[in-house]
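Take a look at the structure below.
The values are calculated or read from the model by the stated rules, or taken from the named source; none is laboratory data. Here the structure is a predicted model, which means the values were calculated and not measured. Here the Cβ positions follow ideal geometry from the backbone for every residue, glycine too, while neighbour counts run over all protein chains shown.
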Amino acid sequence: MALQKVSLGFQDIRYSVQVHKESKAILHGITGLVSPGQMLCILGPSGSGKTSLIHILGKKIKSDKSKDVSGEVLCNGKELTATEIMRISGFVSQEDVFNAELTVQETLGFAARPKLPARKRDSRVAEVVKKLQLESCFNTSIGDDSNPYLKGISGGEKRRLAIALEMLDPNISVLVLDEPTSGLDAAAALNVCNVLRALADSGITIATSLHQPRSSIMALFDQLMILAAGRRIFYGGVANYLPYLQKHLSCEVPPHESPYDLMLDLLNPAIEAQAVCSNVVLKEGESLVLALADAYDRSELRDAVDRVASVRGVDWVLFEEAKVKVGWMSKFWTLLTRTFLVKSRDPNVLVTQITTAVFMGLIFGSIYFNTYGKDKAELAILDTQMCVTMTVVMSVFLPFDVTLTFPKERQVFLRERKAGLYPTTAFYFARILADMPMHIVAATIQALIIYYMAQLRMGVQYFVFVNVLGVLVGASLMQTIGAICRTFEEANLMAMPVMMLAMMTSTSFVRQVPSWLEWTKSISVMGLLADVASYWEFRDASPSLVSGGHVLEEYNIRIQSTDDVLEAVAVLFAILLATRLVTFLGVKFLHTGRSSCAENLAD
């Protein structure tokens, strides 16, 4: 299927936000048009509105209670819905958001599955890799610059990979980018822009914001728009920029200085370079930005480009098969496979779970070694009760690293969900199920070590069951905390008091809690698990072990029968299901960058 050529137009774009109950205007009626095969560069100082304009062109900002967006974004002269635009356009954000453990090949392969039929995936990936010049790093891990143990591809390669992910769909006709060269050295920035030029030459329409590009980069672009305070200081062909400065503004461009840097310096209030434009006369109290914007509005160039931008096209035809139909199960399996692969390469999985399980199992096993071998029966019972209690407590704490699951992976999830790759349910179930095998193995290892070293009597299958249930409920609690918190710090701060309260209100730590906290004993995860384990351990104990009667009664173990066990297990499963539901709602609705529940429900 041949690439469909699409012009990207925008008419009278206005954008304002609510700040302390007052409306602050960000963009003031911005108009423009990028023809198929052309590249538009948007420049401007910080706060100029260029990032806001880029996000509006990519349909990433919509009107709501705190934001007001007006104007039209047009493709071949027709305004499309956000879903229709998503079918033919790609959006590359300023941040590089990837799974650091995956290679470039794996990242592109997993991204291609929801977008392309199986017979076309390999050939399209190879084509995109060649276009984006990623052959040399195809089998290299992406890596994480903040982690010295996860070094990978360079910053320029990451930017080209971000573009490649958007270009996997062969129907992408428009590419919108937010500062793709930010943070790169001069050579890497030029390489990224050369790649964009090659894409434009193939028929892609490109609009991007840049941060102080050099002249060799600007020579690759067809159009230039300079914004300041939400207004156009210049908009037109790159070839028209220098004549506009010299003839219309009478700006003197010093030798060996970039005319683009000159304008950005003029727009920076901290730099006093205002005298170089002799045709710009400031009125009393008027800023240079407003004077330059007014000068452009009075120019013939503005009238000419706006007349072209206002022409409506009539040749619009949207491909009916722009995206391959991929079922929920296929998307779920892709995510599950990718998550397993990422976890298998994460050294923290081995260190924080399996190693911790072995280490703590040996420590507890040594401390409570042969608990029934004590000289006094009362001490043997107390030590045994504390042994099973501390073991289940440790099982609940064992998956503590999952508290950071959603704060850590939220950016990747949001980028992919906004791109329409999969629904929240597929990501959620894949992410939850991917953790379970390692949790079950770790809890089982710890339980086996302690059971045989302490020489417990309940039956190893019962002890393993309690510990496995403990690690699953503990993981669900901590993932809930992670899902409702925005950052690592918030999640860690909330997790500790919640988990400590659940531990301290168990029978083994406090025999009688204050009356106003009595309800916590009924939902204390660690308390319920400890009481179930204690019941199984002491239910057949000889009454002669204690002077006052049966062990269960003497040591205030709340669970006294099989019915009590079933009730406690039912409560634990209810907590498990309730926390899983809250986790899902947190992932779907919280910290998504969307302010409307209706928008979230639409995915």
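Looking at the stretch 381-414 only, could you name the residues that are over 30 Å from TRP536 (Cα atoms) and surrounded by fewer than 18 Cβ atoms within 10 Å (Cβ to Cβ)? Answer for the stretch 381-414, where residues must be over 30 Å from TRP536 (Cα atoms) and surrounded by fewer than 18 Cβ atoms within 10 Å (Cβ to Cβ): LYS408, GLN411, VAL412, LEU414.
Evaluate the stretch 196-207: report whether one residue or more is over 18 Å from LEU8 (Cβ atoms) and touching a helix residue (DSSP H, G or I) at 6+ places or on another chain (Cβ under 6 Å). Please lay out each step first, then the result.
Filtering the stretch 196-207 for residues over 18 Å from LEU8 (Cβ atoms) gives 198.
Now narrow it down to the ones that are touching a helix residue (DSSP H, G or I) at 6+ places or on another chain (Cβ under 6 Å): none.
No, the conditions are met nowhere in the stretch 196-207.
Does ARG457 fit the bill of being in contact with a Ser or Thr (Cβ under 7 Å, 6 or more places away or on another chain), of a type in the set (D, E, K, R) and over 19 Å from THR356 (Cβ atoms)? The answer is no for ARG457. The C-beta contact set for the stretch 242-266 (first residue touching a residue at least 60 places away in the same chain (Cβ under 8 Å) and assigned by TED's automatic domain parsing to the domain that holds ASP297, second residue surrounded by fewer than 19 Cβ atoms within 10 Å (Cβ to Cβ) and of a type in the set (A, V, I, L, M), distance under 7 angstrom, 6+ apart or interchain) comprises TYR260/MET218.
Among the residues of the stretch 86-96, is any of a type in the set (A, V, I, L, M) and without any contact (Cβ under 8 Å) to a residue 24 or more places away in the chain? Show your work before the answer.
Just the residues of the stretch 86-96 that are of a type in the set (A, V, I, L, M), to begin with: 86, 88, 92.
So of that shortlist, the ones also without any contact (Cβ under 8 Å) to a residue 24 or more places away in the chain come out as none.
No, because not a single residue in the stretch 86-96 is of a type in the set (A, V, I, L, M) and without any contact (Cβ under 8 Å) to a residue 24 or more places away in the chain.
Being free of Cβ contacts under 8 Å to residues at least 40 places away in the same chain and more than 19 Å from ASP306 (Cβ to Cβ) is the filter; apply it to the stretch 53-79 and report the residue that is surrounded by the most Cβ atoms within 10 Å (Cβ to Cβ). The selected residue is LYS59.
To keep it simple, each residue is scored yes or no on (1) under 14 Å from the mean Cα position of the chain (by Cα); (2) farther than 20 Å from LEU336 by Cα; (3) part of a helix (DSSP H, G or I); (4) among the β-branched types (Val, Ile, Thr).
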| residue | (1), (2), (3), (4) |
| --- | --- |
| GLU409 | yes, no, yes, no |
| LEU414 | yes, no, yes, no |
| PHE429 | no, no, yes, no |
| PRO437 | no, no, yes, no |
| LEU456 | no, yes, no, no |
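Just wondering, is there one or more residues in the stretch 143-154 that are modelled with pLDDT of 90 or more and either part of a helix (DSSP H, G or I) or within 16 Å of SER93 (Cβ to Cβ) (or both)? The answer is no, given that none of the residues of the stretch 143-154 is modelled with pLDDT of 90 or more and either part of a helix (DSSP H, G or I) or within 16 Å of SER93 (Cβ to Cβ) (or both). At pLDDT below 90, of a type in the set (S, T, N, Q) and not assigned by TED's automatic domain parsing to the domain that holds GLY109 - does that describe any residue in the stretch 325-342? Scanning the stretch 325-342, I find no residue that is at pLDDT below 90, of a type in the set (S, T, N, Q) and not assigned by TED's automatic domain parsing to the domain that holds GLY109, so the answer is no.
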